[in-house]
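> I'd like to ask you about the structure that follows.
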Amino acid sequence: MKREVLFVCVRNSARSQMAEAFLKRLCPDDFTAESAGLEPGTLDPLAVAVMREVGIDIAQNATKSAFDLFKSGKTYSYVVTVCDETNAERCPVFPGKARRLHWTFTDPSTLQGSHDERIAQARVIRDRIRAAIETWCADVCDAASQEMASG
C-alpha cells in the first residue's frame, strides 16, 4: 500500500514542488506525493529551469493551498515541511495523525546575484532536496521491509 506524503512550504512555488517531483520520480511504487503552501503563489522560474535540467518538467504544476487540502479532508502518512530557518514560523502546520518531518532548504526566491549565480545556487538546493528524498526513501523503505519480514 502506498503511503501519502505532503510537502509543505510557504508559497508552494519551488522547494515543495521539487520534493514532490523527486519523490514521484524516485519512489513511485512506495509513495504518492503532493505539495502545498500557506500562501500559494506562482511557480519559481529558477525551480522550473533546474528541474528541467534533470529531466523533470514541473512547468505546468499548479500551486496548491495547504488549507484547501485540509478542508477537503485529505490525510497523509507523512507531512514534510521544507521551509528555511528564516521562514520556519510561517511554514504551515498540517493537522492530523501524520508523521511530521522538517527539512531546511533555502528559498530560491531569496537568492541574490546575476541570473547565472542564482541558477547555480538553485542547482545546489535542487541537489540537496534530491539527496534528502533519496536518503529518506531508502530509510523508510528499509524500515518497512524489516517490519514486514519480522511480522
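> Checking the conditions here, which among Ala59, Ala14, Ala47 is modelled with pLDDT of 95 or more and under 11 Å from the mean Cα position of the chain (by Cα)?
Ala14
> Then there's this: Of the conditions (1) surrounded by fewer than 13 Cβ atoms within 10 Å (Cβ to Cβ); (2) modelled with pLDDT of 95 or more; (3) under 20 Å from Asp30 (Cβ atoms), Ser114 clears all except one; give me its number.
Status for Ser114: all satisfied but (3).
> Moving to a separate point now. Here is a check on your reading of the model: is Ala66 without any contact (Cβ under 8 Å) to a residue 60 or more places away in the chain and not aromatic (Phe, Trp, Tyr)?
Judged against the criteria, Ala66 is not a match.
> Another question, then. Which residues, counting only those in segment 30-60, are of a type in the set (D, E, K, R), touching a strand residue (DSSP E or B) at 6+ places or on another chain (Cβ under 9 Å) and crowded, with 19+ Cβ neighbours inside 10 Å?
Glu34
> Where the second residue is of a type in the set (D, E, K, R) and in a helix (DSSP H, G or I) and the first is in contact (Cβ under 8 Å) with a residue 40 or more places away in the chain and surrounded by fewer than 17 Cβ atoms within 10 Å (Cβ to Cβ) and lies in segment 1-29, which pairs have Cβ atoms under 8 Å and are six or more apart or on separate chains?
These pairs meet every condition: Leu26/Arg130; Leu26/Glu134.
> Can you give me the ranges of the helices (runs of 4 or more DSSP H) entirely in segment 1-91 with at least 2 residues that are under 21 Å from Thr135 (Cβ atoms)?
So the answer is 15-26, 45-53.
> Here's something else I'd like to know. Quick check: is even one residue across segment 40-55 over 16 Å from Ser109 (Cα atoms) and not charged (D, E, K, R)?
Yes - at least one qualifying residue is present in segment 40-55.
> When the residues of segment 102-139 are narrowed to those that are polar (S, T, N, Q), free of Cβ contacts under 8 Å to residues at least 60 places away in the same chain and assigned to a helix (DSSP H, G or I), which ends up farthest from Ala19 (Cα to Cα)?
For segment 102-139, the residue satisfying everything is Thr110.
The values are calculated or read from the model by the stated rules, or taken from the named source; none is laboratory data. Because the structure is predicted, anything quoted here is derived from the model rather than measured. In this analysis, Cβ positions are derived from the backbone assuming ideal geometry, glycine residues included, and neighbour counts consider all displayed protein chains.
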